[in-house]
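Engineer: Take this structure first; my questions come after.
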């Protein structure tokens with residue numbers, strides 16, 4: 001399985017996973033810069049849940065049912081990204097998406113188009129204020 005980072009900001013990261021140029025899944029990570037809510041503890045079935053200092057929202061939109069190996073690959077990918085981060089809580093939320101995330105190369109106003117499509121697909125409200133920051137290694 002191949003992956004490609006489509007977007008990186010100081011708060012979000014978006015990856016596309018594909019096999020033979022066919023999109024298989026899109027992975028969105030959102031840093032909330034806050035503790036996980038009590039409802040997060042209920043999702044992981046912990047009655048005595050004590051949140052860490054930072055909650056990372058992780059959503060994986062799949063284009064089809066994933067094989068066990070594909071699912072494990074994505075979970076391992078997320079673990080490798082987040083395992084060295086101190087004091088975080090996250091849970092990978094898998095769900096089906098009925099459309100490809102098609103967008104022109106995200107430069108200039110194309111970034112806004114990509115973000116609009118991400119918001120539609122993932123039911124989020126990501127806002128990019130400065131499209132030119134995408135040209136920098138570290139975006140703000």
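Where a number appears in this text, it was derived from the coordinates with a stated rule and is not lab data. What you see is a predicted model; the values in this text were computed from it and never measured. Every residue, glycine as well, gets a Cβ built from its backbone with ideal geometry; the counts of neighbours run over all protein chains shown.
Engineer: Which of the residues belonging to segment 52-73 are over 17 Å from residue 12 (Cβ atoms) and in contact with a strand residue (DSSP E or B) (Cβ under 9 Å, 6 or more places away or on another chain)? Quick ask: steps written out before the conclusion?
Structural biologist: Step one: of segment 52-73, the residues over 17 Å from residue 12 (Cβ atoms) are 52-53, 62-73.
Those that are over 17 Å from residue 12 (Cβ atoms) and in contact with a strand residue (DSSP E or B) (Cβ under 9 Å, 6 or more places away or on another chain): 52, 53, 62, 63, 64, 65, 66, 70, 71, 73.
Engineer: Being over 14 Å from residue 101 (Cβ atoms) and surrounded by 14 or more Cβ atoms within 10 Å (Cβ to Cβ) is the filter here, so list the residues in segment 2-11 that pass it.
Structural biologist: 8, 9, 11
Engineer: Return a yes/no flag: does segment 81-88 have any residue that is part of a helix (DSSP H, G or I) and under 15 Å from the mean Cα position of the chain (by Cα).
Structural biologist: Scanning segment 81-88, I find at least one residue that is part of a helix (DSSP H, G or I) and under 15 Å from the mean Cα position of the chain (by Cα), so the answer is yes.
Engineer: Right, another one. Any residue in segment 67-77 that is part of a loop (DSSP other than H, G, I, E, B) and exposed (fewer than 14 other Cβ atoms within 10 Å of the Cβ)?
Structural biologist: Checked segment 67-77: at least one residue is part of a loop (DSSP other than H, G, I, E, B) and exposed (fewer than 14 other Cβ atoms within 10 Å of the Cβ).
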